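Undergrad: The structure under discussion is supplied below as structure tokens; questions concerning it will follow.
The values are calculated or read from the model by the stated rules, or taken from the named source; none is laboratory data. A quick note: this is a predicted structure, and the numbers were derived from the prediction, not measured. A quick note on method: Cβ atoms are made from the backbone with ideal geometry, for glycine too, and the neighbour counts reach across all protein chains shown. SASA here: full protein model, heavy atoms, side chains in, ligands and nucleic acids out. Shrake-Rupley method; radii C 1.70, N 1.55, O 1.52, S 1.80 Å.
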2 protein chains.
Amino acid sequence: MDRRSFLTKASVGGVAAAGSAVLAAPAIAQSMPTVTWRLTSSFPKSLDTIYGAAETMANAVSAMTDGKFKIQVFAAGEIVGGLQAMDAAAAGTVEAAHTATYYYWGKDPAWALGTCVPFGPNQRQMNAWYYYGGGRDLLNKFYAKKGLYGLQCGNTGVQMGGWYRKEIKTLDDIKGLKMRIGGTGGKVLSALGAVPQQIAGGDIYPALEKGTLDACEWVGPYDDEKLGFYKVAPYYYYPGWWEGGPALTTLVNKKKWEELPKQYQTVLMTANQAADLDMMAHYDAVNPAALKRLVANGAKLRPFPKEILSAAFDAAHKIYADISATNPSFKEIWDSQSVYIREGFLWDQVAEYTYDTFMMIQQQAGKL
Amino acid sequence: MDRRSFLTKASVGGVAAAGSAVLAAPAIAQSMPTVTWRLTSSFPKSLDTIYGAAETMANAVSAMTDGKFKIQVFAAGEIVGGLQAMDAAAAGTVEAAHTATYYYWGKDPAWALGTCVPFGPNQRQMNAWYYYGGGRDLLNKFYAKKGLYGLQCGNTGVQMGGWYRKEIKTLDDIKGLKMRIGGTGGKVLSALGAVPQQIAGGDIYPALEKGTLDACEWVGPYDDEKLGFYKVAPYYYYPGWWEGGPALTTLVNKKKWEELPKQYQTVLMTANQAADLDMMAHYDAVNPAALKRLVANGAKLRPFPKEILSAAFDAAHKIYADISATNPSFKEIWDSQSVYIREGFLWDQVAEYTYDTFMMIQQQAGKL
């Protein structure tokens, strides 16, 4: 919440409200113009949780402005491809994109930090940093270079570590592993000897079946189940250490953002923030049952060995140090985010973790 | 998000937007009437996190309606006392209250379930249940009996287990313990032999100092620090098992809710949902530094012994079974919430918990 803008607006609004209905009417018509935007999602409609967050947000915006501010949501591929969403919003082809900013890390690694990097903040730490730790401002300083304004809109929570045809017991099992994984996660796995592959969602299953691919990562139980990977790569590893609290973002063309009346800016900001919470609640509601179905259907749950997590952690931090040495944007954002990771995992181990641990013991004992 | 109402509203809005500015103006004036509400908070302004959530929400409502829907927020005691907030909204003395519904468990234990009961859902499980598990509807069915409509607005996360003059090592140390604690937490501790006390916030410190009180619970590091308990009762226990994910609620007089235009209802709903996320982010941002300051100032962190947690868990579940036997509202809500606790703690121990655990090990090793 930007409390300052709310407070200013509240005072101004009081004056307008004092006018008579007749006098106020033209002012209202001016202050609530008809605005229609197009938003391109980086996601297909089949990912109803992630794609759905943009629709939830857009529906709230429309309802809160009595239909005067409408955002039409288009699935990936309807206007531009999923990975062209950011560029389309920057160019003004569309007014907005709902995307994972880490898709653009190849242009600049700092893009990854708006979503997540391996061993980054969990969902609550991401929110603490974003909403109260200066994260929103730092990210927007970076997005502004592209003519964009970002609003966080959704989180998946810690993802799963993907599907493997064979068990992964030691670091040697990573060497030469052909895995469908992108972004900084792929870069870290590459440092451990894996061979990251870029394959479109629909092509993963046949590649795993044929064995031209050894492993893939997707999201978590609810989304993974739909693609049926458990049938051809049954080892289901956790945690997805490259996605500890990945946030989605609505990237708005900055000129279009600035043209909005203050009222609509607050409507858009609040709708995104509400959808941010909504998407996490949605995942938390649907993932447990999906996990149980997957296991019933033959998925074999496996934790990553500590040896692999530790090697990946060290490799990741070496990569961040290397990038930080030459990329001031990455360094500024990562240094700020790191404080919330470090302090967050200190505090979390006191109340939150001990509560969850005790409750998980009760769960395992069948007492819940 | 109530998608259905959003979708309906979106379609209706499209028609209105098609009208000319002149024709549309009177309709706009009608659909956005000037509405001024009073909201009484159950909290003092000094609890800036909890009290602040109502202000954040009210400011968003005003900004999103260009000042036409104003909610004036009053601290506890300005209109009615903190524990009279619900009754004041039900009676129409005020239009709304921002409160913890468990304050009213004495009238009916089912009230507690809108906030939390001991060993209830954590914050994310509460949201999953509330927004996607039918929780909102079940709670509102119960609130409707009092002529109220509730909107979840904030969460503190797992709280701390309070301040103790002496160490608590065994169940015997609980017997006769004069502790300032209310609600079902007090009822459970009472079953273990403690003597719960009801004391206003300002009177706790001198009572602890004199020794007429042995222990107290408040919230967590950030709020607790202000009251200085570490100086007179230095043992700071965790976790606060009676508050695993306590939610705050905006209780609205149901008639007033129903009188609102649909547009304002969505504005109010979305502003509450955004503030729900905002308060948790606020706590997560400020608690870590407060915890470090408390420890530096002499607070002695202690985990509750397992023996005590287990005895409290069993006593709590016996109480829920007893209440459920005679109270259909409690039974219906608790049975529904229990599913999200049970399934949530199953899923949490896979991805989320193993990620957090690994990261906490890195934190302890000074690697974050």
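Undergrad: Provide the net charge surrounding B:LEU171, with neighbours chosen by a C-beta distance below 12 Å and charges set as Lys +1, Arg +1, Asp -1, Glu -1.
TA: Summing Lys and Arg as +1 and Asp and Glu as -1 gives -1.
Undergrad: Please say if region A:122-193 is rounded, prolate or oblate, where rounded means a/c under 1.5 for a ≥ b ≥ c the square roots of the C-alpha gyration tensor eigenvalues, and otherwise the choice is prolate for a/b larger than b/c and oblate otherwise?
TA: Since a/c reaches 1.5 and a/b is larger than b/c, the shape of region A:122-193 is classed as prolate.
Undergrad: On a 0 to 90 degree scale, rounded to 10, what angle separates helix A:21-31 from the longest Cα axis of chain A?
TA: Result, in degrees: 40.
Undergrad: Then there is this: Rounded, prolate or oblate for region A:224-263? Axes are the square roots of the Cα gyration tensor eigenvalues, ordered a ≥ b ≥ c, and the cut-off for rounded is a/c under 1.5.
TA: Prolate, since a/c reaches 1.5 and a/b exceeds b/c.
Undergrad: Any chance you could list P(r) for region A:186-339, counting all Cα-Cα pairs in 5 angstrom bins from zero, rounded to whole %?
TA: 2, 7, 12, 14, 15, 16, 14, 10, 6, 3, 1
Undergrad: Sticking with this one: Say we join alpha carbon atoms closer than 10 Å with springs in a Gaussian network model of chain B; which of B:PHE43, B:PHE358, B:PHE69 then has the biggest fluctuation?
TA: Comparing B:PHE43, B:PHE358, B:PHE69 in the GNM, the peak value goes to B:PHE358.
Undergrad: Using 1/(1 + (r/R0)^6) with R0 = 60 angstrom and r between the beta carbons of A:LEU192 and B:ASP203, what's the FRET efficiency to the nearest 0.05?
TA: Plugging the Cβ-Cβ distance into 1/(1 + (r/R0)^6) gives 0.50.
Undergrad: In addition: On average, how much area does the Cα convex hull of region B:36-113 cover when viewed from any direction, in nm²?
TA: Its average projected convex-hull area is 5.3 nm².
Undergrad: On a 1.4 Å probe surface of the protein chains, which of B:ILE79, A:ILE174 comes out largest in accessible area, and what is the full order?
TA: B:ILE79, A:ILE174
Undergrad: Provide Rg over Rh for region A:71-144; use the alpha carbon set for both Rg and the Kirkwood Rh (inverse mean inverse pair distance).
TA: Result: Rg/Rh = 1.00.
Undergrad: Assuming a ≥ b ≥ c are the square roots of the Cα gyration tensor eigenvalues, decide whether the protein assembly as shown counts as rounded (a/c under 1.5), prolate (otherwise, with a/b larger than b/c) or oblate.
TA: Oblate, since a/c reaches 1.5 and b/c is not below a/b.
Undergrad: Treating only the Cβ of Lys, Arg, Asp and Glu as charged (+1, +1, -1, -1), what charge dipole size does the protein assembly as shown show about its Cα centre? Round to the nearest 20 debye.
TA: 360
Undergrad: Sticking with this structure for a sec: Taking a label point 7 Å from Cα toward Cβ, how far is B:THR326 from its twins in the other copies, in nm, shortest first?
TA: 7.4
Undergrad: Okay, next question. Under 8 Å for C-alpha pairs, at least 6 residues apart: give me the relative contact order for chain A, rounded to a whole percent.
TA: 22
Undergrad: ³J(HN,Hα) across region B:326-335 via Karplus (A = 6.51, B = -1.76, C = 1.60, θ = phi - 60°), whole Hz, x for Gly/Pro?
TA: 10, 10, x, 5, 4, 4, 4, 6, 5, 4
Undergrad: Right, another one. Determine Rg/Rh for region B:183-272; Rg is computed over alpha-carbon atoms and Rh is the Kirkwood hydrodynamic estimate from the same atoms.
TA: 1.15
Undergrad: Rounded to the nearest 500, what is chain A's calculated 222 nm mean residue ellipticity when only DSSP H runs of at least 4 contribute -39500 (n - 2.57) each, over all residues?
TA: So the helix-based figure for chain A works out to -17000 deg cm²/dmol.
Undergrad: With chain A treated as a Gaussian network of Cα nodes joined by springs under 10 Å, which of A:ASP278, A:ASP322, A:ASP48 yields the largest mean-square fluctuation?
TA: Taking springs between Cα atoms under 10 Å, the residue moving most is A:ASP322.
Undergrad: Could you tell me the distance between the Cα centroids of region A:247-315 and region A:188-204, to the nearest Å?
TA: Value for the Cα centre distance between the two parts: 21 Å.
Undergrad: Please report Rg over Rh for region A:240-286, where both radii come from the alpha carbon positions and Rh follows the Kirkwood definition.
TA: Rg/Rh for region A:240-286 comes to 1.11.
Undergrad: In addition: For region B:265-359, report the translational diffusion coefficient in µm²/s to the nearest whole number, using Stokes-Einstein at 25 °C, 0.890 mPa s, and a Kirkwood Rh over Cα pairs.
TA: 139
Undergrad: For A:TYR238, which sequence-distant residues (separation of 5 or more, or a different chain) have an amide H within less than 5 Å of its own amide H, given hydrogens modelled in the peptide plane?
TA: Sorted by chain and number, the residues that satisfy this are A:GLY161, A:ARG302, A:PHE304.
Undergrad: Next question, about the same structure. Select from region B:87-184 those trypsin sites (Lys or Arg not before Pro) which occupy a DSSP coil region and have at most 13 other Cβ atoms within 10 Å, ordered by residue number.
TA: B:LYS107, B:LYS145, B:LYS166, B:LYS169, B:LYS175
Undergrad: Something else: Where does region B:122-246 land on the Kirkwood hydrodynamic radius, alpha-carbon pairs, in angstrom?
TA: The answer is 16.0 Å.
Undergrad: Using 7 Å Cα-to-Cβ label points, what is the B:LYS300/A:LYS331 separation (nm, one decimal)?
TA: 4.5
Undergrad: Given the convex hull over the Cα atoms of region A:40-178, what projected area results after averaging over all orientations, in nm²?
TA: For region A:40-178, the mean projected area of the Cα convex hull comes to 10.6 nm².
Undergrad: Beyond 20 Å between alpha-carbons counts as too far, so tell me which of B:LYS45/B:LYS187; A:LYS292/B:LYS306; B:LYS226/B:LYS306; A:LYS70/B:LYS262 fall in that bin.
TA: Where the Cα-Cα span goes over 20 Å, the pairs concerned are B:LYS45/B:LYS187; A:LYS292/B:LYS306; B:LYS226/B:LYS306.
Undergrad: Treating only the Cβ atoms of Lys and Arg (+1) and Asp and Glu (-1) as charged, compute the dipole magnitude of region A:152-250 about its Cα centre; round to the nearest 20 debye.
TA: 220
Undergrad: Suppose you put the label 7 Å out from Cα in the Cβ direction; list, shortest first and in nm with one decimal, how far B:LYS210 is from each other copy's label.
TA: 8.3
Undergrad: Here is a follow-up. If I fit a long axis through the Cα atoms of helix A:351-364 and take the longest principal axis of the Cα atoms of chain A, what angle between them do I get, 0 to 90°, rounded to 10?
TA: Between helix and principal axis, roughly 50 degrees.
Undergrad: First measure r as the distance between the Cβ atoms of B:ASP314 and B:GLN364, then evaluate 1/(1 + (r/R0)^6) with R0 = 41 Å and state the FRET efficiency to the nearest 0.05.
TA: About 0.80, to the nearest 0.05.
Undergrad: Tell me, what is a quarter of the convex hull surface for the C-alpha atoms of chain B, in nm² with one decimal?
TA: For the Cα atoms of chain B, the hull's average projected area reads 20.1 nm².
Undergrad: For label points placed 7 Å from Cα toward Cβ, what is the shortest-first list of nm distances from B:VAL295 to its copies?
TA: Distances between equivalent label points, in nm: 3.3.
Undergrad: Could you state the angle between the C-alpha long axis of helix A:48-64 and the longest principal axis of the C-alpha atoms of chain A, as a value from 0 to 90 degrees rounded to the nearest 10?
TA: It works out to around 10 degrees.
Undergrad: Let me ask something else about it. Are there GluC sites (Glu not before Pro) in region A:133-241 that DSSP puts in a loop and that have at most 13 other Cβ atoms within 10 Å, and which ones?
TA: Within region A:133-241, the qualifying GluC sites (Glu not before Pro) (loop, at most 13 other Cβ atoms within 10 Å) are A:GLU167.
Undergrad: Using a Förster distance of 45 angstrom, determine the FRET efficiency expected from the C-beta separation of B:GLU78 and A:LEU83, and round it to 0.05.
TA: According to the calculation, E is roughly 0.25.
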